[in-house]
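A short worksheet on the structure shown next.
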Amino acid sequence: MKYLALSLLAATAAVATADDAQKAKLMETGKTTFMTCSACHGPDAKGMAIPPDMKMAPSLVDSKIVVGEPAAFALAVLKGIQKDPTNTKIIGMMAPLEASLDDEKLAAVMTYLRNSFDHNASVVTPEDAKKFREQFKDIKAPVTRAQLEEAGKKK
Ligand code: HEC
């Protein structure tokens, strides 16, 4: 019995280490990949300011999409978002990035944003990223906010 308990403990520890290592790797790749985003979202992710009172893009620090259901976050990044014409303070455009991010980089940048800037949300693996790409493959244009909301509902 004692041996069984010990080997169970050892197995759990091994799994935890593998997860930690995967997360560390994703965080590292994600930090670099975030440079693709920071041109608009800013190095501090609060949105690159355009003085006097405009921004290239909204803050990702207080974004519910970033820390919510990963499907909605993936959808926004893969397909881009239709520009909201009523928001005149945001001058940039969230373009589709599916062609410039492979599954590893998509997972990494999502994991990085979900676990930086005081966020503490679950890891997104390259397998998840692959699944989202497959799930949304028929969407050929930037999505609406309503589509993001739908994708963000817990399945
Ligand atoms: C060319 C500028 C630009 C780049 C590059 C860019 N974004 Fe965006 N992003 C925007 C704009 C503008 C919006 C707001 C879209 C709207 O509502 O009109 C946005 C919105 C978002 C949103 C929705 C936020 C919310 O809560 O409403 C997420 C998530 C997001 N971007 C993630 C990313 C990630 C991750 C990257 C890098 C992989 C990235 N963006 C790169 C301009 C950009």
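Points to keep in mind about this one:
- For the chain, the carbon plus sulfur part of the accessible surface works out to 63%, probe radius 1.4 Å.
- For the range 142-150, 3J(HN,Hα) computed residue by residue from phi via the Karplus equation (6.51, -1.76, 1.60; θ = phi - 60°) reads x, 8, 8, 4, 5, 5, 5, 4, 4 Hz, glycine and proline entered as x.
- Remark: accessible surface ordering of 123, 109 (largest first) is 123, 109, probe radius 1.4 Å.
- For the range 107-155: relative contact order, % (alpha-carbon pairs under 8 angstrom, 6 or more apart): 27
- Within a straight-line Cα-Cα reach of under 15 Å, residue 79 can be paired with the following aspartates and glutamates, leaving aside sequence neighbours fewer than 8 residues apart in one chain: 98, 102, 103, 134, 138, 149, 150.
- For residue 65, the accessible surface of its heavy atoms amounts to roughly 50 Å² (probe 1.4 Å, protein chains only, rounded to the nearest 10).
- Between residue 46 and residue 86, the contour length at 0.36 nm per residue exceeds the Cα-Cα span by 12.4 nm.
- Taking a ≥ b ≥ c as the square roots of the eigenvalues of the alpha carbon gyration tensor, the range 25-151 is oblate, as a/c is not under 1.5 and a/b does not beat b/c.
- Using θ = phi - 60° and Karplus 6.51 cos²θ - 1.76 cosθ + 1.60, couplings along the range 47-60 (whole Hz; Gly, Pro as x): x, 5, 7, 10, x, x, 8, 10, 9, 5, 8, x, 5, 9
- Rel. contact order, % - alpha carbon contacts under 8 angstrom, at least six apart, the chain: 26
- Cross-link pairs exceeding 20 Å in C-alpha to C-alpha distance, out of 46/89; 25/55; 64/154; 31/105; 105/154, comprise 25/55; 105/154.
- Here the Karplus relation 6.51 cos²θ - 1.76 cosθ + 1.60, evaluated at θ = phi - 60°, turns the backbone of the range 133-139 into coupling constants of 4, 5, 4, 9, 5, 8, 7 Hz, with x for every Gly and Pro.
The values are calculated or read from the model by the stated rules, or taken from the named source; none is laboratory data. Model, not experiment: these values are computed from the prediction. The accessibility values were calculated without ligands, DNA or RNA, using every heavy atom of the protein model including side chains. Shrake-Rupley method; radii C 1.70, N 1.55, O 1.52, S 1.80 Å.
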